[in-house]
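Since the structure comes first, as structure tokens, the remarks are kept for the end.
No lab work stands behind these numbers, since they all come straight from the coordinates. Everything numeric here is computed off the predicted structure, so don't read it as measured data. A quick note on method: Cβ atoms are made from the backbone with ideal geometry, for glycine too, and the neighbour counts reach across all protein chains shown.
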Amino acid sequence: MLYAFNDVPNSAWFVDAVQYAYDSNIMNGKSETTFAPNATLKREEFTQILYSHKGKPAVSIENPFADVENGKWYTESILWAKENGIASGKGKDAAGKEIFGLGQKISREELALMLYRYAQLQKYDLSSTPGAADGFADSSKVSPWSKEALEWAITQGIISGKGAKNAPKSEYRIDPQGNATRAECATMVMKLFEKKNRIYDAFFGYRLPSINGRNFRMNRQIGISTMMKNTISTASVTKLFMNVK
């Protein structure tokens, strides 16, 4: 089992992504012992993930959303996302005031769009192949407003589609309107963030989670699946054990 979570077995396809998200301090469990990988993700939960990865910078805008209370755990992340063009509202209420869509489940295409805008903010690689979403079984269901973001995510390998292993692309689904699960979110953010922050062991070449997170682990492929407390300085670890690429 993954350290701390009894619902994330070592054989799960998402185990490394959950480990990465937890180690990097951008996702927590739903309890001390459960991660709830198949649970859906809410819009404010995803803005919190991106906000945490950014380092929780100060926010300067006033709250424009009728459905977002001040002083809540999600408030700063939503306002930061609004201020930086990462998330917009979901329409207006009866009084004509903008609403964020608090508590609404985030779809896979919404998640891809926010991730794309965050990549723009971070000046990540934005290269994309036009038509990358074409050929998937449900490509016609992609919303026009998300097409550019999804093409980028597919080109970058952040989204690969849903389907049987080794099936042709025409049998894979993007599932753009489907609700993103916590495991899917962890996988997508890991694929993007690791492109910018990969750390490898000098001898074995395997990945370790971000040393800026709360812990780091040895590769489970060589039989070590326990967590090690991050008590060694970044400089010492880098000097003694790793090459940063």
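Counting neighbouring beta carbons within 10 Å and listing from fewest to most, the residues Glu62, Glu109, Glu69 come out as Glu62, Glu69, Glu109. Each Lys and Arg contributes +1 and each Asp and Glu -1, all at the Cβ; summed about the Cα centre of region 62-162, the dipole is approximately 160 debye.
A protection proxy built from the mean count of other Cβ atoms within 10 Å ranks the segments 53-60, 16-23, most packed first, as 16-23, 53-60. Taking Lys30 as the anchor, which lysines have their alpha carbon closer than 18 Å to its alpha carbon, excluding any fewer than eight residues away along the same chain? Result set, ordered by chain and number: Lys42, Lys72, Lys105.
Listed values for region 103-111 are Karplus-derived 3J(HN,Hα) couplings in whole Hz (6.51 cos²θ - 1.76 cosθ + 1.60, θ = phi - 60°), namely x, 7, 5, 8, 7, 5, 6, 5, 5, and x replaces Gly and Pro.
Within a straight-line Cα-Cα reach of under 15 Å, Lys56 can be paired with the following aspartates and glutamates, leaving aside sequence neighbours fewer than 8 residues apart in one chain: Glu44, Glu45, Glu76, Glu83.
Pairs from the table (Lys97/Lys191; Lys54/Lys82; Lys92/Lys195; Lys54/Lys169) lying more than 26 angstrom apart at Cα are Lys97/Lys191; Lys92/Lys195; Lys54/Lys169.
Compared with the direct C-alpha span, the chain from Asn38 to Lys72 gains 9.7 nm at full extension, assuming 0.36 nm per residue. Relative to the Cα centre, the charge distribution of region 119-168, modelled as +1 at Lys and Arg Cβ and -1 at Asp and Glu Cβ, gives a dipole magnitude of about 160 debye.
Annotation note: trypsin sites (Lys or Arg not before Pro) in region 74-174 located in DSSP loop regions with a Cβ neighbour count of at most 10 within 10 Å are Lys123, Lys165.
Provide the convex hull volume over Cα atoms per residue for region 1-92, in Å³. Mind showing how you got there, number by number?
Working: hull volume 10.3 nm³, N = 92.
Per residue, the Cα convex hull of region 1-92 comes to 112 Å³.
Modelled this way, with points 7 Å down the Cα-to-C-beta line, the labels at Thr129 and Trp145 are 2.8 nm from one another.
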